[in-house]
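Student: Below: one structure in structure tokens.
No lab work stands behind these numbers, since they all come straight from the coordinates. The structure displayed is predicted, hence computed values, not measured ones. Every residue, glycine among them, receives a Cβ derived from its backbone with ideal geometry; neighbour counts consider all protein chains shown.
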Amino acid sequence: MQSLSAKSNTSETVHLKLKMRMPIIFLFLTTSFFQISQCVQVTDSGYNFSLEAVKTLKKLMEFDTSTNPRQTYGDAASLCADPDLPGEFRVLCEKDDADEVFQRLVKIISPIDPCEICANAACTGCS
């Protein structure tokens, strides 16, 4: 009878330990995933920027295009004056080639074929 009680206590202890470790494991995995997602870097002309920062840059440049249809991309002066521009681009704002680098960065992350992301309803083969 005692061995059955001892096995039950051992089982409960193991279950309790696992229950206590789950939040720690979850926190560790969540943090690891966040760190990995921040590791993607976009590089141009010796400059390195996070993918998330370049996505923000693209949105800002698309906003400039919608306000001024003649403008293919926003110019460096207007982008650098925008408070929503990620801080890691501030170093680039001081450079003479900022316009070209901004354009190339956006081009790097933009798909060549809009059907790749099924952006166009007329595309065939998009699922």
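Student: Using modelled backbone amide H atoms (1.01 Å from N, in-plane), which distant-in-sequence or interchain residues come within less than 5 Å of Ser50's amide H?
Tutor: Long-range HN contacts for Ser50: Val42.
Student: Additional query: Of the peptides 81-94, 48-61, 19-32, 99-112, how do they stack up when ordered by the mean number of other Cβ atoms within 10 Å, highest first?
Tutor: Numbers: 81-94: 13.2, 48-61: 17.4, 19-32: 9.8, 99-112: 15.1.
Averaged packing, sorted descending, gives the order 48-61, 99-112, 81-94, 19-32.
Student: Determine which lysines satisfy two conditions relative to Lys95: a Cα distance under 26 Å, and not lying fewer than 8 residues away in the same chain.
Tutor: Answer for Lys95, where 26 Å is the Cα cut-off: Lys55, Lys58, Lys59, Lys107, listed by chain and number.
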